[in-house]
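A.B. asks: One structure is given below, represented as structure tokens, and several questions about it will come after.
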Amino acid sequence: MAKATVLVVEDEKDILDVVDFNLRQAGYRVLKATDGAEGLRLAKHENPDLVVLDLMLPGMDGKEVCRRLKAGEDTRGIPVLILTALSGETDRIIGFEIGADDYLTKPFSPRELALRVQAILRRSQEPVVDTGHLEIAGLSIDPERHMAQAGDEELDLTATEFKLLHYLAAHAGKVQTREILLSRVWGYAYEGYARTVDTHIRRLRKKLGLLAYRIETVRGIGYRFREER
Ligand code: CA
């Protein structure tokens, strides 16, 4: 199998070098950019498997880069791992609001970064459930083509939102705890950040529009996909 390519966008030379070294050690091909515009250009031309994106960049900041990646037809499917100097909940939520798939707070251990990269690539490359194409409750969810539709309208979902929707729909009627969702959709224990699930559910519901009610909150437990009206 070909090496996965990771694009790292980071203006701090020391961090860039450490990340570059560790990802190459872990077996990835690494592309480097030191500002947002260059990062965006490389993402479009090189079509990396994942982007590691610093939020604080000179010129176009990481949030704008992420927004543009997620808005671009060719780049929206590329998972984004955000690096942030801020550890607040707000920052984390902002990261997910702009479509990031995961985030790491600086300072981080290079090993932790490599593990996150591995986990994101694994979940973006493998179907999370083996149920295949689903037609349920007005939704059509096709993991092979990575396409979800509500009626005739195609939903613009990130890789993680897609897996979340597919997993919930494939287990319609059954309550899923946040912990289960973290392990099945995210594929690893996410330091107990159950709020990660809530943030993604909120975004997913927004995108589902009139079908948002299909994803039901089960107070104190988690979420359930409801088939009935
Ligand atoms: Ca920076």
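The values are calculated or read from the model by the stated rules, or taken from the named source; none is laboratory data. These numbers come from a predicted model, not from an experiment. Don't worry about glycine lacking a Cβ; one is built from the backbone with ideal geometry, like all the others, and counts go over all protein chains shown.
A.B. asks: Quick check: is even one residue across segment 66-75 modelled with pLDDT of 90 or more, within 16 Å of the ligand (Cβ to nearest atom), over 19 Å from F108 (Cα atoms) and not assigned by TED's automatic domain parsing to the domain that holds W186?
C.D. replies: Yes - at least one qualifying residue is present in segment 66-75.
A.B. asks: Now a separate question. Taking the conditions exactly as written (touching a residue at least 60 places away in the same chain (Cβ under 8 Å) and surrounded by fewer than 17 Cβ atoms within 10 Å (Cβ to Cβ)), does V18 satisfy them or not?
C.D. replies: In short, yes.
A.B. asks: Now, a different point. Return only the number of the condition from (1) closer than 19 Å to R111 by Cβ; (2) away from the ligand (no atom under 12 Å from the Cβ); (3) under 19 Å from the mean Cα position of the chain (by Cα) that V8 does not satisfy.
C.D. replies: That leaves (2) as the condition not met.
A.B. asks: Can you tell me which of L121, L164, L104 is without any contact (Cβ under 8 Å) to a residue 40 or more places away in the chain and within 16 Å of the chain's Cα centre (by Cα)?
C.D. replies: Being without any contact (Cβ under 8 Å) to a residue 40 or more places away in the chain and within 16 Å of the chain's Cα centre (by Cα) holds for just one of L121, L164, L104, which is L104.
A.B. asks: Moving to a separate point now. Within segment 26-58, can you find the residues that are of a type in the set (D, E, K, R), without any contact (Cβ under 8 Å) to a residue 40 or more places away in the chain and away from the ligand (no atom under 16 Å from the Cβ)?
C.D. replies: Answer for segment 26-58, where residues must be of a type in the set (D, E, K, R), without any contact (Cβ under 8 Å) to a residue 40 or more places away in the chain and away from the ligand (no atom under 16 Å from the Cβ): R29, R41, K44.
A.B. asks: Looking at (1) at pLDDT below 85; (2) among the aromatic types (F, W, Y); (3) closer than 25 Å to E73 by Cβ, which is the only condition W186 fails?
C.D. replies: (3)
A.B. asks: Quick one: count up the residues across segment 11-23 that are within 22 Å of the chain's Cα centre (by Cα) and more than 14 Å from the ligand (Cβ to nearest atom).
C.D. replies: The total comes to 3.
A.B. asks: Quick check on this structure: which one of R229, R214, R224, R178 is over 20 Å from the mean Cα position of the chain (by Cα), crowded, with 18+ Cβ neighbours inside 10 Å and farther than 15 Å from S140 by Cα?
C.D. replies: Result: R224 is the single residue among R229, R214, R224, R178 that is over 20 Å from the mean Cα position of the chain (by Cα), crowded, with 18+ Cβ neighbours inside 10 Å and farther than 15 Å from S140 by Cα.
A.B. asks: Report every pair of residues separated by at least 6 positions or lying on different chains whose Cβ atoms are under 7 Å apart, first residue within segment 62-87 and more than 17 Å from E38 (Cβ to Cβ), second within 16 Å of the ligand (Cβ to nearest atom) and among the polar types (S, T, N, Q).
C.D. replies: T84/T105; S87/T105
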